[in-house]
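Enquirer: I am attaching a structure below and will ask some questions about it afterwards.
The values are calculated or read from the model by the stated rules, or taken from the named source; none is laboratory data. Computed from a predicted model, the values in this text were never measured in an experiment. With ideal geometry, Cβ positions are generated from the backbone for all residues, glycine too; neighbour counts draw on all protein chains shown.
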Amino acid sequence: MGEKKLSGSERRELLLQLLNQASNPLTGNALAKKAGVSRQVIVQDISLLKATGEQIIATSQGYLLFRHTQNNQTFKRMIVCQHTPDETAEELYLMVDQGVIVRNVVIEHPVYGDLEATLMLKDRHDVKEFLDKIHTTNAPYLSELTDGVHIHTLESDREEKIESCIAALEARGFIFNADL
């Protein structure tokens, strides 16, 4: 006996349930397999869920459901960096090694304005997966459009971790200096 096919609303409810239970990002392919549909259907369902106000974040590792935490205070800081594409791995590993989450990368494009990619890199494993995906797809880094200048939003449970991260980036010369 075959399984009953889920309706669109049932499938989207299942997606929300899976995302709510997940502690790590879930790929479109993994969600498609669990829902018994194609990855493209999942992409469409995620778009529909976002349109209804669900705070789903698409990262390089997959989809996350944004959770508001009222008990845990988080600190965020935006920093401007500049380096070559070959130094990206060093920059990202340096940041997560300081205990911060690299939420995103933003560039200011001369035509499109701010272009943002959600990263949500919290440890070396996340960074390695991101770098592997960049290399296997031959995708350029956004910062290649702006001579290496880009912005990251850093997040941590302690301000000291962010300060330590910034000091390490400065020591390495990755903090953008407009006077150069």
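Enquirer: Would you mind stating whether Asp126 is of a type in the set (Asp, Glu), more than 20 Å from Gln82 (Cα to Cα), touching a residue at least 12 places away in the same chain (Cβ under 8 Å) and in the same structural domain as Gln82 (by TED's automatic domain parsing)?
Expert: Yes.
Enquirer: Would you call Gly62 closer than 26 Å to Leu142 by Cβ and either at pLDDT 95 or above or small (Gly, Ala, Ser) (or both)?
Expert: Yes: the conditions hold for Gly62.
Enquirer: What number goes with the only condition from (1) surrounded by 13 or more Cβ atoms within 10 Å (Cβ to Cβ); (2) under 27 Å from Ser164 (Cα atoms) that Gln73 does not pass?
Expert: (1)
Enquirer: Filter the range 81-117 for residues that are surrounded by fewer than 16 Cβ atoms within 10 Å (Cβ to Cβ) and at pLDDT below 95 and give the result.
Expert: Glu108, His109, Pro110, Val111, Tyr112, Gly113, Asp114, Leu115, Glu116, Ala117
Enquirer: Could you tell me whether Leu145 is surrounded by 15 or more Cβ atoms within 10 Å (Cβ to Cβ), over 13 Å from the mean Cα position of the chain (by Cα), under 26 Å from Tyr63 (Cβ atoms) and hydrophobic (A, V, I, L, M, F, W, C)?
Expert: Yes: the conditions hold for Leu145.
Enquirer: Report yes if Gln17 is over 17 Å from the mean Cα position of the chain (by Cα) and not assigned by TED's automatic domain parsing to the domain that holds Ala139, otherwise no.
Expert: yes
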